[in-house]
Amino acid sequence: MERIALYQKRRIDLLKALMAIKSSFNELEDVLLQKGANIGVEEKVVSIGFALMVTLSISALLGLFGVEGFIVSLVLFAIGFVISRIFATKVYGKPREESQLNHFERGLLNQVSQTTQQINTLQEQIKNQAELIVFADYQRKMLPMMQLKGQVLRHDMSNLSWRYQKHFARLQEQYQLTLAQLINCYAPKKRK
């Protein structure tokens with residue numbers, strides 16, 4: 001009876017770990033495509049504030065030399081706003097299409113798709129099959145996820161905006177922890 005209870009607990013833990021990995025895959029795709037990078041209120045306030053700061057500081061300097069006027073201030077504000085938008089794009093990013101991804105990023109998304117299919121198959125096996133089949137040959141079942149881990153860790157984040165680079169770094173750590181939990185479900189530390 002205890003063995004059945006342990007098996008049921010491990011099955012549930014295994015399913016939870018697989019779901020966590022699949023959700024990290026969705027997050028990975030969102031980060032690479034920089035979804036949610038539309039201009040928000042925060043970015044607009046920063047852009048207008050930066051433009052206003054440029055306008056006031058340069059107007060003050062030009063005022064020392066006797067250059068002043070509404071048109072000069074308007075031109076300075078426009079220049080400051082353009083500079084702040086370029087800065088905001090580097091910091092906050094803008095949404096990307098799959099066609100804008102480099103070869104490595106497309107390969108990473110393709111590997112994510114293949115691994116997701118393998119996880120779906122694995123989840124069906126866990127739900128429908130006996131203990132021997134579920135927990136047998138786990139190294140082979142883990143291989144695509146381990147290969148993906150290597151790709152995620154080697155990924156060059158320079159194409160991403162600063163905000164998404166930070167998010168991707170957190171995602172790398174989260175994926176490693178979730179994968180370690182999954183491995184622990186297959187091979188608990190007591191049995192290693």
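The values are calculated or read from the model by the stated rules, or taken from the named source; none is laboratory data. All of these numbers come straight from a predicted model, not from anything done at the bench. Counting neighbours? That spans all protein chains shown, and the Cβs are built from the backbone with ideal geometry, glycine included. These accessible areas exclude ligands, DNA and RNA; they are computed on the full protein's heavy atoms, side chains included. Shrake-Rupley method; radii C 1.70, N 1.55, O 1.52, S 1.80 Å.
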Qualifying residue in the stretch 44-64 (condition: assigned to a helix (DSSP H, G or I), open to solvent by less than 60 Å² (accessible area, probe 1.4 Å), hydrophobic (A, V, I, L, M, F, W, C) and in contact (Cβ under 8 Å) with a residue 60 or more places away in the chain) | no
Residue identified as hydrophobic (A, V, I, L, M, F, W, C), in contact (Cβ under 8 Å) with a residue 60 or more places away in the chain and more than 20 Å from Ala20 (Cα to Cα) among Leu108, Leu171, Leu160 | Leu160
Residues of the stretch 68-87 that turn out to be closer than 16 Å to Ile48 by Cβ, open to solvent by 100 Å² or more (accessible area, probe 1.4 Å) and aliphatic (A, V, I, L, M), as a count | 1
In this structure, is Tyr138 touching a residue at least 40 places away in the same chain (Cβ under 8 Å), open to solvent by 50 Å² or more (accessible area, probe 1.4 Å) and among the aromatic types (Phe, Trp, Tyr)?
-> yes
Exclusive hit being at pLDDT below 90, surrounded by fewer than 16 Cβ atoms within 10 Å (Cβ to Cβ) and part of a loop (DSSP other than H, G, I, E, B), set Lys127, Lys90, Lys94 | Lys94
Among the residues of the stretch 149-168, write down those that are over 12 Å from Ser24 (Cα atoms), surrounded by 12 or more Cβ atoms within 10 Å (Cβ to Cβ) and not charged (D, E, K, R).
-> Gln151, His155, Met157, Asn159, Leu160, Ser161, Trp162, Tyr164, Gln165
Which condition number does Leu33 fail, the rest of (1) under 30 Å from Gln176 (Cα atoms); (2) out of contact with any Leu (no Cβ under 9 Å at 6 or more places or on another chain) being met?
-> (2)
Does the stretch 23-31 contain any residue that is within 30 Å of Asn184 (Cβ to Cβ), part of a helix (DSSP H, G or I), at pLDDT 80 or above and open to solvent by 70 Å² or more (accessible area, probe 1.4 Å)?
-> yes
